[in-house]
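Asker: Here you go, one structure.
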Amino acid sequence: MLRIVKPDSSPISEPGPDPRCLLTFQLDGSRYALDVAAVERVVPMVRVTPLPEVPAIIIGVVNFQGKVLPVVDTRRRLGLPDREVRLSDNLLIAKSGGRSLALVVDRVDEVVVLPAKQVQVTKEIVGSAVYVKGVAKLADGLILIHDLETFLSLEEEAALEQALEQERQTGGGGNVDR
C-alpha cells in the first residue's frame, strides 16, 4: 500500500517553492525514485512475453489495458546483479520519451513530497551520472532519482521500435504503445 510522506514539518500544501513529488521504490534493499509526473500506474507482476531482437535491458512485453508495453529489467539498467522476476515484484508503468514502459521493481514504497532544497542535482555532485538526475536527502538516507528520458539510449530506442514494429506486423503485438 502506498502512503504519502512529508519528511519535514511543513504542511503538504506548503512544501516551499518548486516542491518535488517522488514515487519511491526498492531494488535489492536500496531506495530509488521517479518523479510522480512520469508514473502512470503501479501494478503487480504479470507474465512477461519474451520479444526477440530487443536490447538486453528489455525482458519482453506485457499487455496492459489493451496496450503492449516493453518491460525493462531495471536491475540490469542500473548495474545491479541479475535475478529472476518474481510474482512479488511490481511493474511501475511510466513514460520515457513519449513511450510507456513497464519497469520491474522489487517493491514500490511511497510518494514523498520534498522541498527543492532537499534534492541535489547530480551534476552538482559528480558532474554527470547516466540515468540519475538527482539525489534526495532524507533523514534516513539518500534516494537516487532516475531520469526516464535517458533510460533508453537512442540505439536501444531504435532497436526496441524495430522489434515492436515487427511484432505488430506479425500480428502478435496488438495495440503496441508508442
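Asker: Each label point is 7 Å from the Cα along the Cα-to-Cβ direction; what then is the distance between the points at LYS95 and CYS21, in nm?
Answerer: Result: 1.4 nm between the two label points.
Asker: Taking loop as defined by DSSP and a crowding limit of 14 other beta carbons within 10 Å, which trypsin sites (Lys or Arg not before Pro) in the range 52-124 fit? Please list the in-between numbers first.
Answerer: Values: sites: LYS67, ARG75, ARG76, ARG77, ARG83, ARG86, LYS95, ARG99, ARG107, LYS117, LYS123; in loops: ARG83, ARG86.
In loop regions of the range 52-124 (DSSP not H, G, I, E or B), the sparsely surrounded trypsin sites (Lys or Arg not before Pro) are ARG83, ARG86.
Asker: Compute for the range 42-94: radius of gyration divided by Kirkwood radius, i.e. Rg/Rh, restricted to C-alpha atoms, rounded to two decimals. Mind dumping the intermediate values first?
Answerer: Details: Rg = 10.9 Å, Rh = 11.6 Å.
Radius of gyration relative to Kirkwood radius: 0.93.
Asker: Further question: So, R0 is 22 Å and r is the distance between the beta-carbons of GLN166 and LYS67; what FRET efficiency does that work out to, to 0.05?
Answerer: Working: r = 17 Å, r/R0 = 0.78.
Computed FRET efficiency for GLN166 and LYS67: 0.80.
Asker: How high is the FRET efficiency from GLU84 to GLU157, r the C-beta distance, R0 25 Å, rounded to 0.05?
Answerer: For GLU84 and GLU157, the calculated efficiency is 0.45.
Asker: If I model a spin label as a point 7 Å beyond the Cα along the Cα-Cβ vector, how far apart are those points for ALA116 and ALA139 in nm?
Answerer: Here the answer is 2.5 nm between the modelled labels.
Coordinate-derived values only; no laboratory data. Treat the numbers as computed from the prediction; the structure is a model and nothing was measured. A quick note on method: Cβ atoms are made from the backbone with ideal geometry, for glycine too, and the neighbour counts reach across all protein chains shown.
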